[in-house]
Amino acid sequence: MSLSIEHLWLPYNQMKTSPPPIEVSATEASHLILADGRRVIDGIASWWTACHGYNHPHLVAAIMSQVQTMPHVMLGGLVHEPAAMLTQRLAEILPGDLSKIFLCDSGSVAVEIALKMATQYWINQGRRDRTRFVCFRYAYHGDTAGAMSVCDPDDSMHAHFKGFLLEQYPALLPATPDEWNQYENFLATHREHIAGVIIEPLVQMAAGMKFHEPHQLKQIHESCRRHGLLLIADEIATGFGRTGTMFAVEQADIVPDIMCIGKALAGGCVSLAATAATGQVYRQFHSESAEHALMHGPTFMGNPLACAAANASLDLFRSEPRLQQVAAIEQQFATAADHFQSLPHVVRSQFRGALLAVELDQSLDPQPMQDFFLARNIWLRPIHNVIYCCPSLNMCPADVQSILTAIGDFLESRIAER
Ligand SMILES: *Cc1c(COP(=O)(O)O)cnc(C)c1O
């Protein structure tokens, strides 16, 4: 690498021992252009953000135009069209009456806001004892303190930060009748201390692509209703078409009380996230009392550049056949997943929308795997023992096929190894 990264501290990275990262000099459609001139197909869309591919001309034009008019103003006491228009449009496409939208700058912060919103929802009703959350094994909700506290207690940074994190109620995401009984009993026992339940609908992506069924999600929603608990859906990963519908909760036909969105919200160009609440939640804040106001306010809240990008991204979901493209990718994934499932070492090969995950019976050494794919001009990174692909939603079928062929070759090469 020609770059000096002496002063660049990288994420989740042992700086002393990790091999140097790969230098990217440009992006184009679903491709990364590496500093050495190679063009690589991006199979993970930069942590599933680049839903329209990179540098989409409509997104670029919207950002360019906004940067010349007004790159940023504070949202305290001031307001502007990009934010007003975006929240109006989100209210129209979000499920049910999730129509009161609080903007912020990253997914983790959107989760923090959701947790504060749910807690204050109870405080505003005089309930100061409902401060805990039920979260699920394998959950990932972000890297800030509140968000970390609702991540998987064993398989995340929990153990690392023991003593620092809030205590929550981690639960198994129930599947069998026994597990449902346990879950229900748990809620019945503790509900007076619980503010709500937080879940990544249909797929827990960051923990290694753990899928559950729409009927499970629906039952979790029903059980929240029965016990009088708020349901927070973290759609930061699943929102904006990834699982085949605009939002994953649509497949369970539910409307959560609070929803977090982020990642692909601004088309993968700029950091933007939001926490949406239903009218019922909002009403507990909407009063004569200043104390009832939601106590949060990020400095770059509603950044006009980010809102302009998000408005342009929503245009593209209307003007280009994004969800049909997802359905076409899903077809390709279905055929490949069938084939992968028949190969040795494959425990499970699953897909939903534009997301494919192949779970192996052994941990993967990330470096050789990354090198294997890079040698085929493909960018993929495993999570533990899971190879996954979540391309931009408009990746062309030939590029999708190249990724699938390479995954097949990789799996076959492991057979030959043994
Ligand atoms: C990425 C992610 C987050 C955190 O978002 P950041 O923008 O990285 O803070 C939270 N929840 C889910 C489901 C995510 O995928």
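Values in this text are rule-based calculations from the coordinates and carry no lab data. Keep in mind the model is a prediction, meaning the values are calculated, not measured. A quick note on method: Cβ atoms are made from the backbone with ideal geometry, for glycine too, and the neighbour counts reach across all protein chains shown.
If I stretch the segment between GLU6 and GLU167 completely, what's the gain in nm (0.36 nm per residue apart, minus their alpha carbon distance), one decimal?
Stretched fully, the GLU6-GLU167 segment lengthens by 54.2 nm.
For all pairs of alpha-carbon atoms in the range 140-240, what percent lies in each bin of width 5 Å, listed from the first bin to the last filled one?
It works out to 2, 12, 22, 24, 22, 14, 4, 0, in whole percents.
Under the rule of -39500 (n - 2.57) per DSSP H run of 4 or more residues, summed and divided by the residues of the chain, what mean residue ellipticity at 222 nm is obtained, to the nearest 500 deg cm²/dmol?
-11500 deg cm²/dmol
Equivalent ellipsoid semi-axes for the range 181-335, as square roots of 5 times the alpha carbon gyration tensor eigenvalues: give them largest first, rounded to whole Å.
After diagonalising the Cα gyration tensor, the semi-axes are 28, 25, 12 Å.
Could you check the simple spin-label distance between THR299 and ALA26, using points 7 Å along Cα→Cβ, in nm with one decimal?
3.4
Please report the antiparallel percentage of DSSP beta bridges with both residues in the chain, rounded to the nearest 5.
If we restrict to bridges inside the chain, about 65 percent are antiparallel.
Could you give the nm distance between label points at GLN324 and THR189, where each point is 7 Å from its Cα heading toward the beta carbon?
5.3
Based on the Cβ-Cβ distance of SER289 and ASP36, what FRET efficiency does E = 1/(1 + (r/R0)^6) give at R0 = 51 Å, to the nearest 0.05?
Calculated value: 0.25.
May I ask you to sort ARG322, ARG226 by Cβ crowding, counting other Cβ atoms within 10 Å and putting the fewest first?
ARG226, ARG322
Ranked from highest to lowest mean number of other Cβ atoms within 10 Å per residue, what is the order of the peptides 144-155, 4-15?
Peptide ranking by packing, descending: 144-155, 4-15.
State the Cα centre-to-centre distance between the range 145-195 and the range 329-383 in whole Å.
The range 145-195 and the range 329-383 have Cα centres separated by 30 Å.
Can you pull the three principal axis extents for the Cα set of the chain, in Å, largest first?
Computed over the Cα atoms, the extents are 65, 58, 44 Å.
Give me the percent of Cα-Cα pairs in the range 61-110 that sit more than 15 Å apart, rounded to a whole number.
For the range 61-110, the share of Cα pairs beyond 15 Å comes to 59 percent.
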